[in-house]
Amino acid sequence: MYSGDFTEWDETRWDGLMDVNLRGIYLMFHAVIPHMLARGTGSIVSTSSVMAFLTEPGYEAYTTSKAGIVGLTKALAVSYTARGLRINCIQPGWIDTPMNQRLAEELGGVEFLTPLIVRQQPLPRMITPREVGNLVAFLCSDLSVAISGAMIPIDGAATAAI
């Protein structure tokens, strides 16, 4: 569980979420950057969340972990772009994942989840994994050789809306 009353979170629960969300990204960067530096090229796309920039009550730990990914990605892009690496970050919004399908089932079906999605993003549906994959493929392709240090939302305009 990645949400709940902040005053009820203990250090173990906080650390567990940080280990999965932020430390996991750190370990990935730490493992692949030396190999890419040895080759003199590479593209890394980390995954954060729109909740790095938007949040709601009860998501303090989750938002902090996702904002940390943004900060780490930016810092690494500044450190390694001149050495041939491109390091970017995507911020997904409502993605059609098994977790969100379970949430829809808990609410009684996707028709009960859709009003929540519409309140949070102008695109009135979940984004498909293929759409996310297309963005990642673009960022890893030669079409994006000048893009590094970018934070790119794929959120149906959620971060553009008020």
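Each reported figure results from applying straightforward, stated rules to the coordinates on display, with no laboratory input. Because the structure is a prediction, the values reported are computed rather than measured. No Cβ is skipped: glycine too gets one built from the backbone with ideal geometry, and neighbour counts run over all protein chains shown.
Numbers for the structure displayed
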item	result
Pairs where the first residue, in the range 13-26, is at negative phi and in contact (Cβ under 8 Å) with a residue 40 or more places away in the chain and the second is surrounded by 18 or more Cβ atoms within 10 Å (Cβ to Cβ) and of a type in the set (A, V, I, L, M), C-beta under 6 Å, 6+ apart	TRP14/ALA61; LEU17/ALA61; ILE25/ILE69
Residues (hydrophobic (A, V, I, L, M, F, W, C), in a helix (DSSP H, G or I) and crowded, with 16+ Cβ neighbours inside 10 Å) located in the range 19-57	LEU22, ILE25, PHE29, ILE33, MET36, VAL50, MET51, ALA52
Within the range 138-150, considering residues that are in contact (Cβ under 8 Å) with a residue 40 or more places away in the chain and part of a helix (DSSP H, G or I), the one surrounded by the fewest Cβ atoms within 10 Å (Cβ to Cβ)	CYS140
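To keep it simple, each residue is scored yes or no on (1) surrounded by fewer than 13 Cβ atoms within 10 Å (Cβ to Cβ); (2) part of a strand (DSSP E or B); (3) free of Cβ contacts under 8 Å to residues at least 60 places away in the same chain.
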| residue | (1), (2), (3) |
| --- | --- |
| THR63 | no, no, yes |
| ILE69 | no, no, yes |
| GLN91 | no, yes, no |
| GLU111 | yes, no, yes |
| VAL136 | no, no, no |
| ILE152 | no, yes, no |
